[in-house]
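Notes follow once the structure below has been shown.
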Amino acid sequence: MDTPPLSGSDSDSDDSLVTDRELQDAFSRGLLKPGLNVVLEGPKKAVNDVNGLKQCLAEFKRDLEWVERLDVTLGPVPEISGPQSTSQNQDPKAVDPEDDFKREMNFYRQAQAAVLTVLPRLHQLKVPTKRPADYFAEMAKSDQQMQKIRQKLQAKQAAMEKSEKAKQLRALRKYGKKVQTEVLQKRQKEKSHMMSAIKKYQKGFSDKLDFLEGDQKPVARSTKEGAKGQQMRKGPNAKRRYKNQKFGYGGKKKGSKWNTRESYDDVSSFRAKTAHGRGLKRPGKKGSNKRPGKRTREKMKSRRH
């Protein structure tokens, strides 16, 4: 009769029991020590399997011509500075690996030596070493990919131009508003200056009409004071002159219209026709055009009937 297979829980319990038994045996023999018990592995031994390495090399080694391999092993080209440097260049240990400049210079001279050795050999094998004039290399990317890149660059450039135009328009709007505000302020100043000039002219403080031309600029305070002082030095203003002409200059008023000997003898302004009513008749005073009175008009109506 076949025994049924053990379940997963039964097998786990058996493994744990075996493990516990092993631990108890090791503890009884004194193999377990207090602390963390870890299995220590010994140091790995380096194996120099020469035959295995030669076998791997033979598997991937190919016997190709030198033209296909193009490999050379050379030292750095000797410098022309002097014999000391030549002996130093022959010893590779003489180059300090910590000195970046000397290390890179050594690589450069080694590549130069390889070129000087390989070029004549390639010429002997008739291998071209220069690119022909009509040489066109194959593109790394297809035409479709380059077309996509071109469209993307064009779209990016168009977006940048659009953004720049928008910035310029915003700047022009700001500048236009600024100019418009300045023009309005200038007009307001000119208007207020003209109104003040008109008031001064009406009150008789000024007799100039230059403000009507519109070219007069607002006068500064110092200029106004200077003009006022200059006007005071010249004489009275227009209002004072007008009153002087109308009312006189003060002093004696009585007898100012009396005739004197000189005025009595002066007959230059006498006109005989005007004095005796023989002068020219005034327009609009003709007798023929005079309208008859009301009674006269009624008599004329009765006569007609």
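The values are calculated or read from the model by the stated rules, or taken from the named source; none is laboratory data. All of these numbers come straight from a predicted model, not from anything done at the bench. Cβ: placed from backbone, ideal geometry, glycine included. Neighbour counts: every protein chain shown. Areas reflect the complete protein model, heavy atoms only, side chains present, ligands, DNA and RNA absent. Shrake-Rupley method; radii C 1.70, N 1.55, O 1.52, S 1.80 Å.
Filtered by the rule that a residue be under 30 Å from Val77 (Cβ atoms) and among the aromatic types (Phe, Trp, Tyr), segment 110-149 gives a lone residue, Tyr135. Pairing residues of segment 123-151 that are in contact (Cβ under 8 Å) with a residue 12 or more places away in the chain with residues that are open to solvent by 100 Å² or more (accessible area, probe 1.4 Å), at Cβ distances under 9 Å and at least 6 apart in sequence or on separate chains, gives Val127/Arg121.
Six or more apart or on different chains, Cβ atoms under 6 Å: show the pairs whose first residue is in segment 154-176 and on the phi < 0 side of the Ramachandran plot and whose second is open to solvent by 100 Å² or more (accessible area, probe 1.4 Å) and at pLDDT 90 or above. Once the first residue is on the phi < 0 side of the Ramachandran plot and sits in segment 154-176, no partner that is open to solvent by 100 Å² or more (accessible area, probe 1.4 Å) and at pLDDT 90 or above comes close enough.
Can you tell which of Lys130, Lys165, Lys148 is among the basic types (Lys, Arg) and surrounded by fewer than 10 Cβ atoms within 10 Å (Cβ to Cβ)?
Details: Lys165 fails: surrounded by fewer than 10 Cβ atoms within 10 Å (Cβ to Cβ); Lys148 fails: surrounded by fewer than 10 Cβ atoms within 10 Å (Cβ to Cβ).
Just a single option satisfies the conditions, and that option is Lys130.
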